[in-house]
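Have a look at the structure below before the remarks.
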Amino acid sequence: MILFVHPPVAKPCEPPAGIALLSSVLKAADVPVRVLDANLEGISFLFEKGAEPVCPGEDPWTRRARRLVRKNLALLKSPDGYRKPAEYRRAVSDLNRVLEIASSPEAQAELANYRDKELSPLRSRDLLRAAAEPERNPFYSFFSRRLDREINGNGIRLVGFSLNYLTQALTAFAMAGYVRRRYPGIGVVFGGGLVTSWMRRSRDLGPLRAVADSLIAGPGEKAMLRLCGKPGQPPAGTAPDYSEFPLGDYFAPGRILPYSASRGCYWMKCSFCPENAEGQPYQPVPDENVLEDLSRAAARVNPVLIHFLDNAVRPSLFQALIRRPPGIPWYGFARITDHLGKRDFCRGLRESGCRMLQLGIESGDQRVLDELGKGMEIRTASLALNNLKEAGIATYVYLLFGTPAETEESARRTFSFVAEHSESIDFINAAVFNLPFTPGEQPEHLTTMDFYDGDLSLYRNFVHPRGWDRKSVRRFLEKEFFRHHDVRQIILRDPPSFTSNHAPFFAVS
Ligand code: SF4
């Protein structure tokens, strides 16, 4: 029997798609599998702990946060909670406060974050220390008991940890260290997006093999089948199986169905894109199969929302969804293409159930977009935003400041573009550019240097070729961009902690 674990901390609002797919593939090959969403259960454990009777001398905020834990969780799980943004924000802030006080003095969890005062997930020696001292992890009393129950009661012989975010890394290693120490005969495997990035983009992962018997890069189905003595190709067209997850317990106002209609990206031309740096080929699930998968999964899961996990949903799939709507609201990432510049197409998307599109517009300057290889016209982005607004589809716009192609003047063009379209933009994610680290590759014309103090860093620092360095970019964002009245209104709308995962619930219905 194999146990797949989704470790804390990741946003606890939907079941983990990666291990749902793996377990489905292995079950189809007659390999017995169990799944454990240790993220959802671990966070719920900390909430129970934090809701314990008030300690004397605590400040009023902490007392209120402890007292209201159950009420605040109920608010996140109710559609009503999303009709009152101010109450939602207060509930999330109180819940994060409870997680903070229920954590340990050394390390603190939040709904979408994990911080250790001494250890960094970017240093292999710190991950090994997390594995050697699992007791210092705030989830220890939860996961030690929970892993004992899973392992002893079910004849587990292999534990697979799915690691997708840096916020999961230290706890994943603490859990693996616990398994190693207490059950030396049981194998430990690490896979997932973060492990893939480390293996494809980073350096020597040798030290991590002291904890893991295997590290798997990329889609894990084939490698897991081989580890289970079933070599060969995984069956094509297997859909994720969410039947063993506690679907009613996630922090959302109804069930969310996460679904990947592809791996990689159909565009693959944007320079400095981490997806490109990792060389993941584009592997689409055929449009008709997607529609059938969704229809079958919807019948089993009864979701209120479909979350497309694709890097960019391809136009042909949009057309398929317009032809045959899934009957359930949905959202996901889209590239700005000519399709979105057409009003009828956007109306068709809305009629197919589209509630929100995540759009990587990145810059308002055409020269920057061209140099980044985005393959989009800023004129089309403008049309798309207006058409989507008119159709009733919310937009979550991603902006990237400080790319090597950008100058202060281009950043100001982006600023003007956002200000001019503020009525059509519902949410913004404005990030400062990080240069992906690719071993053996030196980007042309860029002088690069180490960025973070860690051997597992996925990024490098660089000397900006146009003098538009990170410090200047941050100053511009803080002193001008975020202070602009309309931009500030959009930023304030962003759901704290859950961001784009909860944004569709605030979008027009
Ligand atoms: S569309 Fe997105 S995922 Fe695809 S290459 Fe561009 S940045 Fe990367």
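The values are calculated or read from the model by the stated rules, or taken from the named source; none is laboratory data. The model shown is predicted, which means the values in this text are computed figures rather than measured ones. Cβ atoms come from the backbone with ideal geometry, glycine included; neighbour counts cover every protein chain shown. Ligands, DNA and RNA are stripped out before the accessible areas are found, and what is left, the full protein with its side chains, is counted by its heavy atoms. Shrake-Rupley method; radii C 1.70, N 1.55, O 1.52, S 1.80 Å.
Specify which of the listed residues (P184, P219, P274, P207) is open to solvent by 40 Å² or more (accessible area, probe 1.4 Å) and within 16 Å of the ligand (Cβ to nearest atom).
So the residue among P184, P219, P274, P207 that is open to solvent by 40 Å² or more (accessible area, probe 1.4 Å) and within 16 Å of the ligand (Cβ to nearest atom) is P274.
Quick check on this structure: which one of I361, I393, I378 is among the aliphatic types (A, V, I, L, M) and closer than 15 Å to A431 by Cα?
Values: I393 fails: closer than 15 Å to A431 by Cα; I378 fails: closer than 15 Å to A431 by Cα.
Step by step, each of I361, I393, I378 is checked, and only I361 is among the aliphatic types (A, V, I, L, M) and closer than 15 Å to A431 by Cα.
State all residues of the stretch 261-271 that are more than 13 Å from the ligand (Cβ to nearest atom) and open to solvent by 50 Å² or more (accessible area, probe 1.4 Å); if no residue qualifies, say none. Break it down into steps so the answer makes sense when it comes.
To start, the set of residues in the stretch 261-271 that are more than 13 Å from the ligand (Cβ to nearest atom) comprises 261.
None - no residue of the stretch 261-271 is more than 13 Å from the ligand (Cβ to nearest atom) and open to solvent by 50 Å² or more (accessible area, probe 1.4 Å), so the list stays empty.
Is there a residue in the stretch 287-306 that is within 14 Å of the ligand (Cβ to nearest atom) and open to solvent by 10 Å² or more (accessible area, probe 1.4 Å)? Before you say what the answer is, go through the steps one by one.
Step one: of the stretch 287-306, the residues within 14 Å of the ligand (Cβ to nearest atom) are none.
The answer is no; no qualifying residue exists.
So P281 ticks every box in (1) open to solvent by 40 Å² or more (accessible area, probe 1.4 Å); (2) at pLDDT 95 or above; (3) within 16 Å of the ligand (Cβ to nearest atom); (4) not small (G, A, S) but one. Which box is left unticked?
Single failed check for P281: (2).
Tell me, which residue of the stretch 43-102 that is under 23 Å from S500 (Cβ atoms) and not in a helix (DSSP H, G or I) is nearest to the chain's Cα centre (by Cα)?
Top of the filtered list is K77.
May I ask you to list the residues in the stretch 405-434 that are open to solvent by less than 10 Å² (accessible area, probe 1.4 Å), more than 19 Å from the chain's Cα centre (by Cα) and more than 26 Å from D344 (Cβ to Cβ)?
A405, E406, S410, A411, T414, V418
Tally the residues that are within 16 Å of the ligand (Cβ to nearest atom) and basic (K, R), restricting the search to the stretch 321-368.
Final tally of qualifying residues: 1.
Among the numbered conditions (1) open to solvent by less than 10 Å² (accessible area, probe 1.4 Å); (2) in contact (Cβ under 8 Å) with a residue 40 or more places away in the chain; (3) within 19 Å of P504 (Cβ to Cβ), tell me where V368 comes up short.
(3)
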